[in-house]
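S.K.: Here you go, one structure.
What follows draws every value from the coordinates through simple rules; no lab data is involved. This structure is a prediction, so every number in the text was calculated from the model and none was measured. Using ideal geometry, Cβ is built from the backbone for each residue, glycine included, and neighbour counts are taken over all protein chains shown.
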Amino acid sequence: MTAKQTRRQFLLKTAGAAGMVGALPGCAPQADEEHQELAGGRGRPNILFVLADDMGYGDLACYGGTDIRSPVIDRLAGEGVRFTQHYSAGAECTPTRTALLTGRYLQRAGGMECAIGTTNVGRYDEAIALADKHDLGLPVEQAALTRGLKAAGYRMAVYGKWHLGYERKFLPLRHGFEHFVGILGGHCDYFHHTEITGTHTLWENDEETHRDEYMTDLITKECVGYLRKQVPSKPFFLYASYTAPHSPYQGRGDRAPKPVAKEQWNKGPRSKYVEMVEDLDEAVGKLLAVLDEKHLADNTLVIFASDNGANRVGSNAPFRGHKSSLFEGGIRVPCIARWPGVLPAGKTVDDPIITMDLTASMIAAAGAAPPAGLPLDGVDVLGLIRRGRPIPKRPLYWTARRGERTWQAVRDGSLKYVTCRDGEAVEEYLFDLAADPAEQTDLLARRPADAARLRTMLTTWRRETRVAR
């Protein structure tokens, strides 16, 4: 920084050139004037992050869906930025949520490479060891998003699905959220709020609670109540973590005396899934209506995304594969961002981005900084879009583990290398996504040099990022 530069000018120049929040290690949150510069002259924005559960790329009309009505989310896309190559950081629930809160590849957290099993079950060797020590979950000190926003003066609440640990030391209030109502694990009966094992899983803050409401409506009611309490002078981060359209497949009219039977948990017609997505679209509309009602919409960054691809009852069209796999259908998902007057309306972005980029973007928009020692793996893509600058090209990596099965993948440019080891069996694939986004043509035998290069990149990344706790 030169003698003639103010701290604000230096920070803005550095952030704009790098596009990464991690380019400002150790910086404290900026003063009010600096916040206004960083947030397009409007001060610190409110942030509403809506996360759908197991929604596929083809499950919204604005992403090509033909049998689902999603007018609210479609309108959100028209008013903001729609990403056509947004990737979830994980192929399942816990991994992506870990990446979202840490802003880093989920491997860096240790033990979070698979969805935590019902009642806190580890599903691969490291996770099993952590569960045995009552240490399976996301450590508070690694949550760069909530720590950064809290330090910047944000009020925070989360409603819906947590899935980052059942132990009390991992619960939302320990992460700085002031209020939580939702489920600790990965799923629940939408009326009885029990897991597939029959265990009741609905909590408020640190205690079990009982509510007689359809889960989607319950989450919406809590979010609406929270939004109505907000005042313009105090920025908030509201994490609306919906369970829909995750199984079991139940609509508002499907209340029954007893929870869904275990053998029926993952069964259901496409029509029921469609109903759940349309209910979710209506729920998002209620949240946006309150922002309008409270005159908060113009200074609220709204992000909508899915945590991973859909199961077989959902649609990942036009891509191959489903949830839990690292084919495009397992990890390429909808993502929309709206910030009126700051982000361009009706813009489509075709550059590849990943979950951690959303984290970096939220931290940057808030004029905050990641905690010291936690450099982000994401890029402030929304800041780059706002400034009319290109999103940097960089390789993206994934891993997904469960039992003896380990998926790994890397995308570099348009080339994507995928491998799956299950016991002694190993499968490998190489695709050119520019020519073959549906991953129908395996180029492994035809382009061995490219496969070898990507394989080496993946091995190096895995070695550098994997942390054991």
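S.K.: Roughly how many nanometres apart are two label points built 7 Å out from the Cα toward the Cβ at Ala345 and Ala435?
M.R.: About 4.1 nm separates the two model spin labels.
S.K.: Ok, one more. Efficiency by 1/(1 + (r/R0)^6): what FRET value for Glu464 and Lys133, r their Cβ-Cβ distance, R0 = 35 Å, to the nearest 0.05?
M.R.: With a Förster radius of 35 Å, E is 0.90.
S.K.: Kirkwood hydrodynamic radius for region 397-465: how many Å is it when counted over pairs of different Cα atoms?
M.R.: The Cα-based Kirkwood calculation yields 12.4 Å.
S.K.: Taking the Cβ of Gly186 as the center, what net charge do the other residues with Cβ under 9 Å away carry, scoring Lys and Arg +1 and Asp and Glu -1?
M.R.: Spelling it out: positives minus negatives among the neighbours equals -2.
S.K.: So what are region 24-395's ellipsoid semi-axes, whole angstrom, largest first, if each one is the square root of 5 times an eigenvalue of the alpha-carbon gyration tensor?
M.R.: 29, 23, 21
S.K.: If you keep only loop residues by DSSP, which trypsin sites (Lys or Arg not before Pro) in region 92-144 have at most 13 other Cβ atoms within 10 Å of their Cβ?
M.R.: Within region 92-144, the qualifying trypsin sites (Lys or Arg not before Pro) (loop, at most 13 other Cβ atoms within 10 Å) are Lys133.
S.K.: Between exposed GluC sites (Glu not before Pro) in the chain, where DSSP calls loop and at most 13 other Cβ atoms lie within 10 Å, what's the longest gap?
M.R.: No qualifying site falls inside 1-403, the longest such stretch.
S.K.: Still on this model: Pairs Lys169/Lys286; Lys286/Lys323; Lys272/Lys323: which exceed 25 Å Cα-Cα?
M.R.: Listed pairs above 25 Å: Lys169/Lys286; Lys286/Lys323.
S.K.: Take every DSSP beta bridge with both residues inside the chain and express the antiparallel ones as a percent of the total, to the nearest 5.
M.R.: Of all bridge pairs located within the chain, approximately 55 percent are antiparallel.
S.K.: Further question: Can you sort Asp432, Asp189, Asp53 from fewest to most other Cβ atoms within 10 Å of each residue's own Cβ?
M.R.: Arranged by neighbour count, lowest to highest, Asp432, Asp189, Asp53 become Asp432, Asp189, Asp53.
S.K.: In nm, give the distance between the simple-model label positions of Arg211 and Arg270, each being 7 Å from the Cα along the Cα-to-Cβ direction.
M.R.: If labels sit at Arg211 and Arg270, their model points lie 3.2 nm apart.
S.K.: Note down the net charge around Gly153, summing +1 for each Lys or Arg and -1 for each Asp or Glu among other residues with Cβ under 9 Å from its Cβ.
M.R.: Here the charged neighbours net out to +4.
S.K.: In addition: In whole angstrom, how far apart do the alpha carbon centroids of region 428-469 and region 207-262 sit?
M.R.: After rounding, the separation between the Cα centres reads 39 Å.
S.K.: Nothing charged except the Cβ atoms of Lys and Arg (+1) and of Asp and Glu (-1): what's the magnitude of the dipole of region 397-465 about its Cα centre? Round to the nearest 20 debye.
M.R.: It works out to roughly 280 debye.
S.K.: Quick check for me: using +1 on Lys/Arg Cβ and -1 on Asp/Glu Cβ, what's the dipole size of region 321-409 about its Cα centre, in debye to the nearest 20?
M.R.: About 100 debye.
S.K.: If you don't mind, there's one more thing I want to ask. What does the helix-only formula give at 222 nm for the chain: each DSSP H stretch with n ≥ 4 adding -39500 (n - 2.57), the total divided by the residues, and the result rounded to the nearest 500 deg cm²/dmol?
M.R.: -8500 deg cm²/dmol
S.K.: Hey, another quick one. Find out how many positive minus negative residues lie around Gly378, taking Lys and Arg as positive, Asp and Glu as negative, among other residues whose Cβ is under 10 Å from that of Gly378.
M.R.: Taking every other residue near Gly378 into account, the sum is -2.
S.K.: Please state the Cα pair-distance histogram of region 249-387 with 5 angstrom bins from zero: what percent is in each bin?
M.R.: Bin by bin from 0 Å, the calculated values are 2, 8, 13, 16, 16, 16, 13, 9, 5, 2, 0.
S.K.: When Val467, Val284 are ordered from fewest to most other Cβ atoms inside 10 Å of their Cβ, what list results?
M.R.: Val467, Val284
S.K.: Exposure proxy check: Thr84, Thr146, Thr220, Thr348 ranked by fewest other beta carbons within 10 Å?
M.R.: Placing the least packed residue first, the sequence is Thr348, Thr84, Thr146, Thr220.
S.K.: Would you give the gap between the C-alpha center of region 61-85 and the C-alpha center of region 125-148, rounded to a whole Å?
M.R.: 34 Å
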